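Beneath this line is the structure, given in structure tokens, with notes to follow.
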Amino acid sequence: MRDIPTNPDNLIAGETGDWEIVMGLEIHAQVSSNAKLFSGASTEFGADPNSQVSFVDAGLPGMLPTINERCVEQAVRTGMGLNAEINLYSVFDRKNYFYPDLPQGYQISQFKQPIVGRGTVTIELSDGSTKEIGVERLHLEQDAGKSLHDQHPSQTYVDLNRCGVALMEIVSDPDMRSAEEASAYVEKVQRIVRYVGSCDGVMAEGSLRADVNVSVRRPGGELGTRCEIKNVNSMRFIRQAIEHEARRQIEILEDGGKIDQETRLYDPNKGVTRSMRSKEEAHDYRYFPDPDLLPLEMEQEWVDAIRASLPELPDAKKARFMADFGLSEYDARTLVSDRDSADYYEAVASGRDPKLSANWVTTDLFGYLNRTGINIAESPIKAAQLGQLIDRIIDKTISGRIAKEVFEVMCETHQDPDAIIAEKGLKQVTDEGAITAVVDQVIAENPDKVADVQGGKEKLLGWFTGQVMKLSGGKANPQAVNKILREKILGD
Amino acid sequence: MSLDKDTVRRVARLARIEVAEDRLEALGQELNQIIGFVEQLDEVDTSSVAPMTSVAKQKLRWRADEVTSGGQAEKVTANAPASDMNFFVVPKVVE
């Protein structure tokens, strides 16, 4: 285990002193593919019960598994996203356990020789710092079916549609020390699989789920006994489950008790974890190489071609946004949070001021999208329209303040900014004659204030500017107004 | 290697095979004979041979990512001891 210096901010105060949480995560990510890992049945979500089950998935005798090329490719893409070694030679094993949603009586998985080896994920924390989390491995395996316990008082209903769908199990090193680090890690893995397109990452549908191994110890001391919390299916629950589980373990240890190594389930309604003792016996998995499947061998050229087809990954994109566009770490981090946002931003920033573009995208556009719950890919305000609005600020057709007004109208009507500016007569007045007329009017109406400015109260000029802007309906160019005011009052 | 009675009981349990208590002794002896037979392989020096999972001179066959099966819920559940609305129905298993 890698030696990670203790961060005092992560310590939890107990009755008898401080404690440190040590965590490793297993993430199960459902592979995006049309068909299952070893059969030709569909993977689509939400179909009628058992309508997407081949005889292979149902574990019927005489049926042989055949591996889906796309699933292999997706595992390789993900491995590359995790900066991991790709193993050209890997082996499928049988993991034996007995459960109604697993008709074969075993899950086809990879044990000793996984398709992807060691990698690294860089997580980003709220204080702006980053941390490296080691990835031990990624392997391909089959998902199980779904049991429904609420259909009948004494019986369980089993739907095998999910049975045999390809999963990538991503196993981290025990490198995480706080609930924030754990959820930042899941977020980063989610971002990576979405960037490479290997998993949709939707936790609510179970496409991405995490098992968290939690133990506590004295800061930097001997590792404690760990408990595995199963299937925590939202970022919020991950944080809650970890905090609750760490507290539970600390209480036991401080009372002089000892932790039993066990599997626990998080109950989001009660906010507690509880033991799943019934699964204990099932842990005698008796792995052995699956005799139905030869080793999985990949050609180096094939793997190289996959690497060449990878999109720019979030870390590289963030670094480029900071270097090429001069964006702050915070803005760059926000913009690369998903590919659609990054693409949108690049379209807006193309040929325009990158920082001004970033402000409009992260503040005004994201604000509007959040308010309305619209996904950026479906944004009714297109990148070209936001770009046009920024162009009108730059070419001084409108001021920044009027631009905010135009944007509000764009949110309502989805019109082009030019159309709104023309329709509402918002074009900035730069014509000196028109501005001078308004300036003369304000000066004539306020002789005492003019005298004050001339007497040295130059700050009052701002008041004059405000009056002129008001009378012009905000359309006068503020720089031109200032210049004319100074000429008229101070003789500059 | 030799199996004791507890191990035989556990193996039977894991395989979901019901074995009467008075049969465990005899079954253990049979299993030990099988293990002894296989252990003869230990006499061969395999230190220079990479572990292999198959002796077949062929490569793993791959399939294209196409939906070629499904839409046969009645057939899939046809042999189930119990089914309802195309679900398999089993005695209640709740965590």
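Among the residues of region A:399-442 satisfying the criterion of being of a type outside the set (Val, Ile, Thr) and in contact with a Ser or Thr (Cβ under 7 Å, 6 or more places away or on another chain), which is modelled with the highest pLDDT?
Applying the filter and picking the extreme gives A:427.
Please enumerate the residues belonging to region A:103-153 that are more than 13 Å from chain B (Cβ to nearest Cβ) and hydrophobic (A, V, I, L, M, F, W, C).
Result: A:116, A:121, A:123, A:125, A:133, A:135, A:138.
Which one is farthest from the chain's Cα centre (by Cα), of the residues in region A:355-379 that are surrounded by 14 or more Cβ atoms within 10 Å (Cβ to Cβ) and among the β-branched types (Val, Ile, Thr)?
Per the stated criteria, the residue is A:361.
Exactly one of these conditions fails for residue A:100: (1) more than 13 Å from chain B (Cβ to nearest Cβ); (2) open to solvent by 40 Å² or more (accessible area, probe 1.4 Å); (3) out of contact with any helix residue (DSSP H, G or I) (no Cβ under 9 Å at 6 or more places or on another chain). Give me its number.
Against the list (1) more than 13 Å from chain B (Cβ to nearest Cβ); (2) open to solvent by 40 Å² or more (accessible area, probe 1.4 Å); (3) out of contact with any helix residue (DSSP H, G or I) (no Cβ under 9 Å at 6 or more places or on another chain), residue A:100 comes up short only on (1).
Would you tally the residues in region A:67-94 being open to solvent by 20 Å² or more (accessible area, probe 1.4 Å) and within 13 Å of chain B (Cβ to nearest Cβ)? Before the answer, list the steps.
As a first pass, look at region A:67-94 and keep what is open to solvent by 20 Å² or more (accessible area, probe 1.4 Å): A:69-70, A:73, A:77, A:83, A:85-89, A:94.
Narrowing the set further to residues that are within 13 Å of chain B (Cβ to nearest Cβ) leaves A:69-70, A:73, A:88-89, A:94.
Qualifying residue count, region A:67-94: 6.
Is there a residue being assigned to a loop (DSSP other than H, G, I, E, B), more than 30 Å from residue A:40 (Cβ to Cβ) and within 13 Å of the chain's Cα centre (by Cα) anywhere in region A:223-237?
Looking for residues that are assigned to a loop (DSSP other than H, G, I, E, B), more than 30 Å from residue A:40 (Cβ to Cβ) and within 13 Å of the chain's Cα centre (by Cα), one finds at least one in region A:223-237, hence yes.
Considering (1) open to solvent by 50 Å² or more (accessible area, probe 1.4 Å); (2) in a loop (DSSP other than H, G, I, E, B); (3) over 21 Å from residue A:411 (Cβ atoms), say which one residue A:352 fails and leave the rest.
Of the numbered conditions (1) open to solvent by 50 Å² or more (accessible area, probe 1.4 Å); (2) in a loop (DSSP other than H, G, I, E, B); (3) over 21 Å from residue A:411 (Cβ atoms), the odd one out for residue A:352 is (3).
Consider residue A:12 carefully, then state whether it is at pLDDT below 95 and either open to solvent by 30 Å² or more (accessible area, probe 1.4 Å) or more than 10 Å from chain B (Cβ to nearest Cβ) (or both).
The answer is yes for residue A:12.
Which residues, counting only those in region A:15-42, are more than 30 Å from residue A:161 (Cβ to Cβ) and either surrounded by fewer than 16 Cβ atoms within 10 Å (Cβ to Cβ) or of a type in the set (S, T, N, Q) (or both)?
Selection gives A:15, A:16, A:17, A:18.
Would you mind finding the one in A:470, A:459, A:382 that is of a type in the set (Lys, Arg), in the same structural domain as residue A:351 (by TED's automatic domain parsing) and open to solvent by 20 Å² or more (accessible area, probe 1.4 Å)?
Exactly one residue qualifies, and that residue is A:382.
Give all pairs with beta carbons closer than 9 Å in which a residue from region B:15-40 that is at positive phi meets a residue that is among the small types (Gly, Ala, Ser); count only pairs at least 6 apart in sequence or on separate chains.
Matching pairs, first to second residue: B:16/A:105.
Is it the case that some residue within region A:400-420 is assigned to a helix (DSSP H, G or I), under 27 Å from the mean Cα position of the chain (by Cα) and acidic (Asp, Glu)?
Looking through region A:400-420, none of the residues is assigned to a helix (DSSP H, G or I), under 27 Å from the mean Cα position of the chain (by Cα) and acidic (Asp, Glu).
Listed here are the residues, each with its yes/no results for (1) away from chain B (no Cβ under 14 Å); (2) within 19 Å of the chain's Cα centre (by Cα); (3) surrounded by 12 or more Cβ atoms within 10 Å (Cβ to Cβ); (4) at pLDDT below 90.
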site: A:255; (1), (2), (3), (4): yes, no, no, no
site: A:259; (1), (2), (3), (4): yes, no, yes, no
site: A:268; (1), (2), (3), (4): yes, no, yes, yes
site: A:283; (1), (2), (3), (4): no, no, no, yes
site: A:292; (1), (2), (3), (4): no, no, yes, no
site: A:295; (1), (2), (3), (4): no, no, yes, no
site: A:308; (1), (2), (3), (4): yes, no, no, no
site: A:331; (1), (2), (3), (4): yes, yes, yes, no
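Has region A:172-189 got any residue that is in contact (Cβ under 8 Å) with a residue 12 or more places away in the chain and in a strand (DSSP E or B)?
Yes, region A:172-189 contains a residue that is in contact (Cβ under 8 Å) with a residue 12 or more places away in the chain and in a strand (DSSP E or B).
Would you please list the contacts, defined by Cβ atoms under 6 Å and residues six or more apart or on different chains, that run from a residue in region A:322-341 that is in contact (Cβ under 8 Å) with a residue 12 or more places away in the chain to a residue that is open to solvent by 50 Å² or more (accessible area, probe 1.4 Å) and in a helix (DSSP H, G or I)?
Going by the 6 Å Cβ cut-off, the qualifying pairs are A:332/A:322; A:340/A:377.
Which residues, counting only those in region A:143-167, are part of a loop (DSSP other than H, G, I, E, B) and charged (D, E, K, R)?
Of everything in region A:143-167, those that are part of a loop (DSSP other than H, G, I, E, B) and charged (D, E, K, R) turn out to be A:143, A:150, A:162.
Consider residue A:396 carefully, then state whether it is in contact with a Ser or Thr (Cβ under 7 Å, 6 or more places away or on another chain) and open to solvent by 50 Å² or more (accessible area, probe 1.4 Å).
yes
Does residue A:178 fit the bill of being under 20 Å from residue A:266 (Cα atoms) and in the same structural domain as residue A:127 (by TED's automatic domain parsing)?
Yes, satisfied.
Suppose we filter region A:439-466 for residues that are in contact (Cβ under 8 Å) with a residue 40 or more places away in the chain and within 55 Å of the chain's Cα centre (by Cα); how many remain?
The total comes to 1.
Looking for something polar (S, T, N, Q) and surrounded by fewer than 20 Cβ atoms within 10 Å (Cβ to Cβ) - is there at least one such residue anywhere in region A:201-208?
No, region A:201-208 contains no residue that is polar (S, T, N, Q) and surrounded by fewer than 20 Cβ atoms within 10 Å (Cβ to Cβ).
The values are calculated or read from the model by the stated rules, or taken from the named source; none is laboratory data. Treat the numbers as computed from the prediction; the structure is a model and nothing was measured. Counting neighbours? That spans all protein chains shown, and the Cβs are built from the backbone with ideal geometry, glycine included. Areas reflect the complete protein model, heavy atoms only, side chains present, ligands, DNA and RNA absent. Shrake-Rupley method; radii C 1.70, N 1.55, O 1.52, S 1.80 Å.
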